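Here's the structure, in structure tokens; my notes come after.
The values are calculated or read from the model by the stated rules, or taken from the named source; none is laboratory data. Source: prediction; values computed, not measured. Using ideal geometry, Cβ is built from the backbone for each residue, glycine included, and neighbour counts are taken over all protein chains shown. Keep in mind that these areas ignore ligands, DNA and RNA; they rest on the heavy atoms of the full protein, side chains included. Shrake-Rupley method; radii C 1.70, N 1.55, O 1.52, S 1.80 Å.
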Amino acid sequence: MPTTPDTSDEVTVDSLSVTVDVLEVEARKRRLRHGIRSRRRERDADTTRSLDTAVARVLAGCPLLAGARRIACYSSTTGEPGTRTLLAELRRHDVEVLLPVLLEDGDLDWELRAPRRGAPAPLGPLGPHAVASVDLVVVPALAVDTAGRRLGQGGGSYDRALARVPARVPVLAVVHDDELLDAAVSPLPVLPHDRLVQAVVTPSRWLWLAA
């Protein structure tokens, strides 16, 4: 009677190889995050304010913003390219803005900021799927390469949120100029769950990416 070959050892070896690959990618990501965060902490308050204004100016001239009536954005934290001026400009132009609210499980809920001053308090929570209703998504990043790979903070919140965004809606990341990398020279490490972005804004330019 013929016997069935035992392939259990092959499956174990393949699984181990995948695990090692994932660990190597995660280790590379941690090293990159450490270096970028260190450089961001070195920027002084005056530089931060000027970058904030520059980001708003570049994005205002980006055609992806033209005609958008509802945008998912974020409130920048220390070290990130600033979004305060951008949020003020969006409000001035009557654009509805969804801002993220971090949930206990690491997912993102969303609240709606009314466009005009003196309007009612933010409306929310709207639920994690509210991000599917926007015309453009503006996301934070530590780095982006020209193939659309994005390095986030490591929590996976935006990867989960972006999975809910329709394919027709562009996703735009905001980084400093030195955090936009040439994918042919310095490709960012990614895993299967990492979501690509379609465009990037820096304080000096915007760029439509290969993704």
Problem set entry | Fraction of accessible area attributable to carbon and sulfur, the chain (%, probe 1.4 Å) | 55
Exercise. Amide H to amide H, which residues 5 or more places from A114 or on other chains are under 5 Å from it, using H placed in the peptide plane?
Worked result: L123
For this session: Hey, could you grab the Kirkwood Rh for the chain? Inverse mean 1/r over distinct alpha carbon pairs, Å, one decimal.
Result: 18.6
Problem set entry | Fully extended contour minus Cα-Cα distance, from D107 to S186, at 0.36 nm per residue | 25.5 nm
Problem set entry | Mean-position separation - Cα centroids, the stretch 56-118 and the stretch 24-45, in angstrom | 24
Exercise. So which residue, out of R168, R91, R57, gets the largest mean-square fluctuation from a GNM of the chain using Cα contacts under 10 Å as springs?
Worked result: R168
Seminar exercise, completed: From DSSP H assignment alone, runs of 4+ in the chain each adding -39500 (n - 2.57), the sum over residues rounded to the nearest 500 puts [θ] at 222 nm at -10000 deg cm²/dmol
Exercise. How much accessible area per residue does the chain have, in Å², with a 1.4 Å probe?
Worked result: 55
Problem set entry | Heavy-atom accessible area order for E89, E179, E42, largest first, 1.4 Å probe | E42, E89, E179
Exercise. For the chain, what is the relative contact order in percent, using Cα pairs closer than 8 Å and at least 6 residues apart in sequence?
Worked result: 19
For this session: Please get the size of the charge dipole for the chain, origin at its Cα centre, with Cβ charges of +1 on Lys and Arg and -1 on Asp and Glu, quoted in debye to the nearest 20.
Result: 1180
